[in-house]
Amino acid sequence: MAYIRPCNKCSQRISMREMRAGQWVAFDASTDKPHKCGKKNKEDPNIKELAKQKNKDQEPDNIDLGYELEIDKDIEVLEKRLENIKREQEEKRKIEKEERLRNIKIEQEKIIQKQNHNVESVPEQKEIISKPNYPIYEKKSKGWEFYFWIAVVAINLFALARCTSG
């Protein structure tokens, strides 16, 4: 791996090359000599010819390992699964839509029956009418706070009555 860029100090063209151990070394562009700032080297014509030959001689990276057929089969299987999943989701959406429409129709019928004062036809309404569940009439236990405020009001009324009478 290599790339060409200008040197940060002397602005001369350098080729940054990665060595086997992973470190990067600066070479003068188109030479095999390491870069030294301020010292200019002549380009080596053999380097350009070697680069051209290397590009021509390189075999393509596409080596057939026989996996392409398996990958194609896997892709087909995955596409079929995806189609099945989409089909199932579409069926579920249709069922849910039909259910929602049914519920809307039932609610509309209930509203129409209420508007017509047809109480007898809806059994749920009979239950509601026969068992009033009003929270106002529920018996609650009264704590000490209730009696405390009753006493405060009574004392204030007594004091007010006494002030006005005497």
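Under a crude label model (7 Å from the Cα following the beta-carbon direction), how far is GLN108 from ILE95 in nanometres?
It is 2.5 nm.
Nearest 0.05, what FRET efficiency do ARG20 and GLN53 give at R0 = 25 Å with Cβ-Cβ as r?
That pair, ARG20 with GLN53, gives E of 0.70.
Determine the gain in length on full extension of the stretch LYS42-ASP74; use 0.36 nm per residue of separation and subtract their C-alpha separation, reporting nm with one decimal.
Full extension from LYS42 to ASP74 adds 6.0 nm.
Throughout, read-outs are computed from the coordinates displayed, never taken from laboratory work. Nothing here was measured: the structure is a model prediction, and the numbers come from that model. Methodologically, a virtual Cβ is constructed for each residue, glycine included, from the backbone with ideal geometry; neighbour enumeration extends over all protein chains shown.
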